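Shown next, in structure tokens, is the structure this report addresses.
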Amino acid sequence: MPAARELLLDAAFTALGARPWHGVRMVDVAAAAGVSRQTLYNEFGSKDGLARALVRREADSFLAGAERSLADTARDGADAGDCCAALALWTLRAARANPLVRAALTGCRGERLPAAAAPAVPAPRPAPGTGGGPARGAPTPSALAERMCDSAFGAVSTGRDADRDSTRRACEAAVRLTLSYVIAPAASDEEAAASVARLVRTLRGDAVL
């Protein structure tokens, strides 16, 4: 059986799908998770703490999926363009399916989501005594972009000194182009991914097929 913390986060995520965050009540989240309200406060300290932990969980899950997508594509022998295209596809689909991921990536949360979904840059430090759970805080869009770039670079870098600088620049450009498609979608995710692949190959000096 999942721990109380995960049950509470699941309940909060479900509640957010039904009503705006300002309408989500802690007592209802605790009841849906099958735990006491005191347990909820012990885990997260406050409603803001719950929000930060929820956004962090969704962002961590997104990043883990992005790394799996890159690794799976690289394992199949794909080139850097195809790897970054796979990352773009994962990102676009995740952002469409999960409003918390979209808000974390873009910094635009809308009225339904908690403020933690689009934290200030740099993100504020949690107040002392607000529970141990949310201490890591919600990620900023720039931090997420940097993590995505690092993951892409790790998946496609050949290790040759002559390639590393161009590959790093290509990965950063690919991530930034991908995030632009999150905000202003292309005709299809596949079209956006193909544009990302072409950009990466051009910046690396690879043959464009």
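The values are calculated or read from the model by the stated rules, or taken from the named source; none is laboratory data. This is a predicted model, so every value here is computed, not measured. Every residue, glycine as well, gets a Cβ built from its backbone with ideal geometry; the counts of neighbours run over all protein chains shown.
Side notes on the structure shown:
- Output for the range 20-48, where each listed residue is surrounded by fewer than 14 Cβ atoms within 10 Å (Cβ to Cβ) and either assigned to a helix (DSSP H, G or I) or touching a strand residue (DSSP E or B) at 6+ places or on another chain (Cβ under 9 Å) (or both): His22, Gly23, Val27, Gln38
- Here the range 118-150 is the region considered, the condition is being buried (at least 22 other Cβ atoms within 10 Å of the Cβ) and modelled with pLDDT of 90 or more, and the residue that is nearest to Leu199 (Cα to Cα) is Met148.
- Residue that is modelled with the lowest pLDDT [pool: residues in the range 181-209 that are surrounded by fewer than 13 Cβ atoms within 10 Å (Cβ to Cβ) and either touching a Lys or Arg at 6+ places or on another chain (Cβ under 6 Å) or outside any helix (DSSP H, G or I) (or both)]: Leu209
- Per the conditions (1) of a type in the set (A, V, I, L, M); (2) more than 22 Å from Glu111 (Cα to Cα); (3) modelled with pLDDT of 95 or more, the sole criterion not satisfied by Ala71 is (3).
- Those residues of the range 20-46 which are without any contact (Cβ under 8 Å) to a residue 40 or more places away in the chain and under 14 Å from Pro114 (Cα atoms), in sequence order: His22, Gly23, Val24, Arg25, Met26
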